[in-house]
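Below you'll find the structure, written out as structure tokens, and then a few comments.
The values are calculated or read from the model by the stated rules, or taken from the named source; none is laboratory data. Predicted model only: the values in this text are computed from it and were never measured. Here the Cβ positions follow ideal geometry from the backbone for every residue, glycine too, while neighbour counts run over all protein chains shown. Accessible surface areas use protein heavy atoms only, side chains included; no ligands, DNA or RNA. Shrake-Rupley method; radii C 1.70, N 1.55, O 1.52, S 1.80 Å.
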Amino acid sequence: DVKVTQSSRYLVKRTGEKVFLECVQDMDHENMFWYRQDPGLGLRLIYFSYDVKMKEKGDIPEGYSVSREKKERFSLILESASTNQTSMYLCASSRQYNQPQHFGDGTRLSIL
Amino acid sequence: QQPVQSPQAVILREGEDAVINCSSSKALYSVHWYRQKHGEAPVFLMILLKGGEQKGHEKISASFNEKKQQSSLYLTASQLSYSGTYFCGTPTSGTYKYIFGTGTRLKVLA
């Protein structure tokens, strides 16, 4: 079974802080994705990566950046956290871009 | 443009059937269905690869009509465990991007 592990289930940070969310997958998947999920808004794509060191913007990249230095790890960075970034963040991976995604358990991030 | 799902929400009694639709304004080459239970991450249910294809998983099946650019998920004799939000997902042609539908909240009551 594919295992996608997110570093924290719950995280509380202050506005202006730089926040790192980590995601690791153990199945040698090519593609990794970061989503945020807010009530009534479904799954919104922030960034994705189809190869090491490659990244592409999703639908809501503003205020975020990503890093993929190793195939198994995809990090989401909030450069200067703001209260409107309080949300559930989900990481996912897939073997190829056209194959189903496997999700981590999510990180519920609160920015105070 | 994300696929649009209908209905947005549905409430069923145990044993009743439901259909969830996923319609796209762009061509669909494959469709994936997921279920997300409350407080959990989405879980992949099934993949549909060809037009007209139907697949099944327990009492849940799905169809895919390439021509109409839509897929439907059929839940038969629903159980309490079927409650959750259902999403369709699809890769976008020509890019590595993947998009999810708007989601359908389903609640099954005893």
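Values for this structure:
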| item | result |
| --- | --- |
| Single residue of region B:1-34 satisfying the filter (outside any strand (DSSP E or B) and closer than 14 Å to B:Thr104 by Cα) that is most open to solvent (accessible area, probe 1.4 Å) | B:Gln8 |
| Close pairs (7 angstrom Cβ cut-off, 6 or more residues apart or separate chains): over 16 Å from B:Gly15 (Cα atoms) in region B:64-76, acidic (Asp, Glu) anywhere | B:Phe64/B:Glu53 |
| Single unsatisfied condition, A:Gly106 versus (1) more than 12 Å from the chain's Cα centre (by Cα); (2) in contact (Cβ under 8 Å) with a residue 40 or more places away in the chain; (3) facing chain B (nearest Cβ under 9 Å) | (1) |
| Test: residue in region A:67-79 that is within 14 Å of another protein chain (Cβ to nearest Cβ) and either outside any strand (DSSP E or B) or buried (at least 21 other Cβ atoms within 10 Å of the Cβ) (or both) | yes |
| Residue that is surrounded by the fewest Cβ atoms within 10 Å (Cβ to Cβ), among those in region A:103-112 that are over 11 Å from A:Phe33 (Cβ atoms) and not hydrophobic (A, V, I, L, M, F, W, C) | A:Ser110 |
| Total residues in region A:54-64, condition in a strand (DSSP E or B), free of Cβ contacts under 8 Å to residues at least 24 places away in the same chain and surrounded by 14 or more Cβ atoms within 10 Å (Cβ to Cβ) | 3 |
| Residues of region A:82-102 satisfying the condition of being open to solvent by 30 Å² or more (accessible area, probe 1.4 Å), touching a residue at least 60 places away in the same chain (Cβ under 8 Å) and more than 9 Å from every other protein chain (Cβ to nearest Cβ) | A:Ser82, A:Thr83, A:Arg95 |
| Residues within region A:21-41 that are farther than 20 Å from A:Tyr97 by Cα and within 11 Å of another protein chain (Cβ to nearest Cβ), tallied | 4 |
| Failed criterion for A:Gly16 (all others in (1) part of a strand (DSSP E or B); (2) surrounded by fewer than 14 Cβ atoms within 10 Å (Cβ to Cβ); (3) small (Gly, Ala, Ser) hold) | (1) |
| Some residue of region B:81-92 being of a type in the set (A, V, I, L, M, F, W, C), within 14 Å of chain A (Cβ to nearest Cβ) and under 16 Å from the mean Cα position of the chain (by Cα) | yes |
| Which listed residue is under 26 Å from A:Ile46 (Cα atoms), within 11 Å of chain A (Cβ to nearest Cβ) and in contact with a Ser or Thr (Cβ under 9 Å, 6 or more places away or on another chain), from B:Gln5, B:Gln70 | B:Gln5 |
